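Q: A single structure is presented below for examination.
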Amino acid sequence: MADYETVVGLEVHMQINTKSKVFCECSAKFGSEPNSNTCVICTSQPGAIPILNKKAVEAVVKTGLALNFTINKRCTFARKQYFYPDVPKNYQITQSDPPLCSGGKLAIIVGGKEKIVNIARIHLEEDAGKLVHEIGGKKLNYSLLDLNRAGVGLMELVTEPEISSPQEALEFLKELKNIVEYLETSECSMEEGKMRCDVNVSIRPVGQKEFGTRVEIKNMNSISGIRDAITYEVERQKEVLNSGGRLTQETRLWDAEERITKSMRSKEGALDYRYFPEPDLVPFDLMDSFVEELRKQVLELPKARKTRFMKDYGLSEYDAAYLTSVRMIADYYEESLNVLKNEKSGVLAKKFVVAAKTLANWISTELSAKLNASKTSIADAPVSSRNLAKLVSLILDGAISGKMAKTVFEEMYEKSTDPEMIVKEKGLMQISDESAIVKMCEEAVSESPKAVAEFKSGKERAVGAVIGLVMKKSKGQANPQLVNKILMEKLKT
């Protein structure tokens, strides 16, 4: 039983965030009626000539700059032979050599340690169509072809075979997805097929330099599924070798229900694709000014934003990591914080760090729980960033207690209502008038002789009964911190 090490390389396809396809003017919108976003170019009619989408080139170059790639100024295209029903012209327009981006890298954290994963290339290509094998959950005994996706722009990122565990693959894809979403060069929606991954897995005896037989797992569209597929495939390959068998280079599919990989076909090599220059798209050179203008557009990325949140807002590493894990969450947080800054500058001058942390807690706990339960994106949250800022402001001002705030938040989420209106309509304003609370505390002390006696005999927990009576008298609206302070002063004297 030999000891093996895992070797994984990833080929990540991300749909470029453009309004039209990469070589024609058809819409790249997801979810349209089948075959409604098509033309003579993307349906491969004889004599149709592709025209390159400049925005697609910009997106690839911008992504490459963010990931420390060398940008190749020479832009060329090739034909890659594909004989599948969803590619009508039987070839794909792609880039062979050189790609637009060469030699990048991405840092990931696994087990508290940083690892740099080198990336071979990012190139621009067109997507294939889509075969539909079932409708409404009913499997068909034939397949339908939808060419809406044919010709949509893709950028394919290919890592070096340096990933050595399923967890490293997961962290790489999470970090990559986050960066690309920050850049807005791809929406990376895996549910809509806008980010897909082919996974190359092999194992070799520990210490061996030569790679083992590579198996490709095709068209994965779930990051956790990719982790699980690698885990299964590594164990499968170990069992084959340890039982005296031989591995074959092949393409396999991941069955998420059975949680196994299944053989699909023998794996093609580069020679099978028979690349040759695309005659309808002449080579051209990118100007230095074009690249430099895109470099200026690569602004604050997730790691830098996380560092700033910790430094400027006093957040913990955990809170800062959560808030910056998705660009829309980070934007929502800063929009809320800016409302607080603008409208409560006096409060924030003294309580800025408290306000920043309180707001972060509400987003990462109450709001996050609601959004996850309803599978809603923060972009569609019923509670606006402005209204959440108002709720936190009410808490900071002492207008409502934390318990009241949760009641208010429930209605805010349900009805998308302004928290100040809810507090006013329901009479939830917290009582912070010290003279009124003193009077209620005195009444509660006189009405609780047993609890007072127990407190004075050393049973400090007995004060809870007296606090409860005060809150009952105030109908739950007395400021709990003020109640506790006044009661302790009276009981101790």
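Q: Under the Karplus relation 6.51 cos²θ - 1.76 cosθ + 1.60, θ = phi - 60°, what is the ordered set of whole-Hz ³J(HN,Hα) values for the stretch 204-218, x standing for Gly and Pro?
A: Values per residue, Gly and Pro as x: 8, x, 4, x, 6, 8, 5, 6, x, 5, 8, 10, 9, 9, 9 Hz.
Q: Let me ask something else. Any idea which of Asn118, Ile422, Pro98 is furthest toward the positive side of the dipole for the chain, if Lys and Arg beta-carbons carry +1 and Asp and Glu beta-carbons -1?
A: Ile422
Q: Given the convex hull of the Cα atoms of the stretch 300-426, what is a quarter of its surface area in nm²? All intermediate terms of the calculation are to be shown ahead of the outcome.
A: Working: hull surface 29.7 nm².
So the Cα hull casts an average projection of 7.4 nm².
Q: Another one. Take Met155, Met404 and order them by how many other Cβ atoms sit within 10 Å, fewest up front. Numbers along the way, then the final one.
A: Details: Met155 28, Met404 20.
Ascending Cβ contact count within 10 Å gives the list Met404, Met155.
Q: Right, here's the next one. When the chain is fully extended, how far beyond the present Cα-Cα distance does Phe30 get from Leu131, taking 0.36 nm per residue of separation?
A: Numbers: separation 101, 0.36 × 101 = 36.36 nm, distance 1.51 nm.
Taking Phe30 through Leu131 to full extension adds about 34.8 nm, to one decimal.
Q: How many nm separate the modelled label positions at Ile116 and Glu454, each set 7 Å beyond the Cα in the direction of the Cβ?
A: Going from the Ile116 label point to the Glu454 one covers 6.5 nm.
Q: Which far-off residues, 5 or more places away or on another chain, put their amide H under 5 Å from the one on Ser96, with H placed in the peptide plane?
A: Ala78
Q: Let's test this: bin the Cα-Cα distances of the chain at 10 Å from zero up to the farthest pair and state each bin's percent.
A: Once binned at 10 Å, the Cα pair distances of the chain give 4, 15, 21, 20, 15, 10, 8, 5, 2, 0.
Q: Separate question: Stretched out fully, how many nm does the piece from Ser435 to Thr417 gain, at 0.36 nm a residue minus the Cα gap? All intermediate terms of the calculation are to be shown ahead of the outcome.
A: Details: separation 18, 0.36 × 18 = 6.48 nm, distance 3.28 nm.
Separation in residues times 0.36 nm, less the Cα-Cα distance, equals 3.2 nm.
Q: Another question about this same structure. Roughly how big is the stretch 79-231's charge dipole about its Cα centre, with Cβ charges of +1 (Lys, Arg) and -1 (Asp, Glu), in debye to the nearest 20?
A: Values: 20 positive and 23 negative charges, 78 e Å.
Magnitude of the dipole: close to 380 debye.
Q: Now for a separate question. What are the ³J(HN,Hα) values, in whole Hz, obtained from phi via the Karplus relation 6.51 cos²θ - 1.76 cosθ + 1.60 with θ = phi - 60°, for each residue of the stretch 31-36 in sequence order, with x given for Gly and Pro?
A: x, 6, 4, x, 6, 8
Q: Something else: Which residues does a label at Ser243 reach in the stretch 197-235, if reach means a backbone N under 17 Å from a point 7 Å past the Cα toward the Cβ?
A: Once the point is set 7 Å along Cα→Cβ of Ser243, 232-235 turn out to lie under 17 Å by backbone N, inside the stretch 197-235.
Q: Sorted from largest down, what three extents in whole angstroms do the Cα atoms of the stretch 72-138 have along their principal axes?
A: Projected onto its principal axes, the Cα set of the stretch 72-138 covers 46, 40, 15 Å.
Q: Compute for the stretch 434-492: radius of gyration divided by Kirkwood radius, i.e. Rg/Rh, restricted to C-alpha atoms, rounded to two decimals. It would help to have the intermediate numbers written out before the result.
A: Details: Rg = 10.3 Å, Rh = 11.1 Å.
Checking Rg against Rh, the ratio lands at 0.93.
Q: 5 Å is the cut-off here: which amide hydrogens, built 1.01 Å from N in the peptide plane, fall below it relative to Glu250, excluding neighbours closer than 5 in sequence?
A: Under 5 Å from the amide H of Glu250 lie the amide H atoms of Glu216, Lys267, each far enough along the sequence or on another chain.
Q: What residues qualify as long-range amide H neighbours of Tyr4, i.e. H under 5 Å apart, gap of 5 or more or another chain, H built at 1.01 Å from N?
A: HN-HN under 5 Å from Tyr4: Val206.
Q: Same structure again: Using Cα atoms only, what is the angle between the long axis of helix 223-242 and the major principal axis of the chain, expressed in degrees (0 to 90) to the nearest 10?
A: Once rounded, the angle reads 60 degrees.
Q: Next question, about the same structure. What list do you get for Val483, Val354 if you sort them by fewest beta carbons within 10 Å? Walk me through the intermediate numbers first.
A: Details: Val483 21, Val354 15.
Result, fewest neighbours first: Val354, Val483.
Q: Let me ask another. Between Leu140 and Gln167, what is the label-to-label distance in nm when each label sits 7 Å out along the Cα-to-Cβ direction?
A: 4.4 nm
Q: If packing is taken as the average count of other Cβ atoms within 10 Å, what order do 117-128, 410-421, 221-232, 184-195 fall into, highest mean first? Numbers along the way, then the final one.
A: Details: 117-128: 21.7, 410-421: 16.1, 221-232: 19.5, 184-195: 17.9.
Ranked from most to least packed, the peptides come out as 117-128, 221-232, 184-195, 410-421.
Q: If Rh is defined by the Kirkwood formula over all Cα pairs and Rg also comes from Cα, what ratio Rg/Rh do you get for the stretch 4-294?
A: Details: Rg = 19.3 Å, Rh = 20.1 Å.
Here Rg/Rh amounts to 0.96.
Q: Also: Going by average Cβ neighbours within 10 Å, how do the peptides 130-140, 282-292 rank, with the highest at the top?
A: Working: 130-140: 9.2, 282-292: 11.8.
Top to bottom by mean Cβ count within 10 Å: 282-292, 130-140.
Computed from the coordinates by the stated procedures, all read-outs in this text should not be read as laboratory data. None of the values given here were measured: they were computed from a predicted structure. Neighbour counts are summed over all protein chains in view; Cβ atoms, including those assigned to glycine, are modelled from backbone coordinates with ideal geometry.
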